[in-house]
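Accompanying notes for the structure given below.
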Amino acid sequence: MTYLKLPKKMKRVEADLDKKVAKRVSDVPPHKNWGLEVKLWSGKLKDHQKKALKQVENGKFLYKIPDMGKRNPFDYVKLGDADAIVCVIQENKRDVTCTVNECYEFNIRI
């Protein structure tokens, strides 16, 4: 399996913006529980991300947080009755389009 690696600059941009996206998504009712994937305008979902989001959508997502000597808040996450949300940051790095459960969209600005 070949993984497409983003240039370091693109990784940094996404890392800098994904927290802002998550914060804004958390303010949008009625999405109280969700699994979120943030992509830049040119990014595509990978197969493992699609599978995980489908598990979230079906209420069967269970994930062990790797314990590698870091301060993790807990060991496992289970999402039931949650929304699978994919947000795409547009090129202007301010406008974001979010798709919920592959059914409908909403827009936010960061």
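The values are calculated or read from the model by the stated rules, or taken from the named source; none is laboratory data. These figures come from a predicted structure and were not determined experimentally. In this analysis, Cβ positions are derived from the backbone assuming ideal geometry, glycine residues included, and neighbour counts consider all displayed protein chains.
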Looking at the stretch 84-110, which of the residues that are hydroxyl-bearing (S, T, Y) and either farther than 16 Å from G35 by Cβ or at pLDDT below 95 (or both) is farthest from the chain's Cα centre (by Cα)?
Y104
Go through the stretch 18-45 and count every residue that is in a loop (DSSP other than H, G, I, E, B) and either within 9 Å of the chain's Cα centre (by Cα) or more than 16 Å from T99 (Cβ to Cβ) (or both).
5
Residues within the stretch 46-56 that are crowded, with 16+ Cβ neighbours inside 10 Å and more than 13 Å from the chain's Cα centre (by Cα), tallied:
1
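Among D81, D47, which is the only one that is out of contact with any strand residue (DSSP E or B) (no Cβ under 9 Å at 6 or more places or on another chain), acidic (D, E) and under 20 Å from V25 (Cα atoms)?
D81
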Quickly run through the stretch 29-59 and pick out the residues that are free of Cβ contacts under 8 Å to residues at least 40 places away in the same chain, small (G, A, S) and over 18 Å from Y76 (Cα atoms).
S42
Looking only at the stretch 62-110, and only at residues there that are free of Cβ contacts under 8 Å to residues at least 12 places away in the same chain and in a strand (DSSP E or B), the one that is surrounded by the most Cβ atoms within 10 Å (Cβ to Cβ)
T97
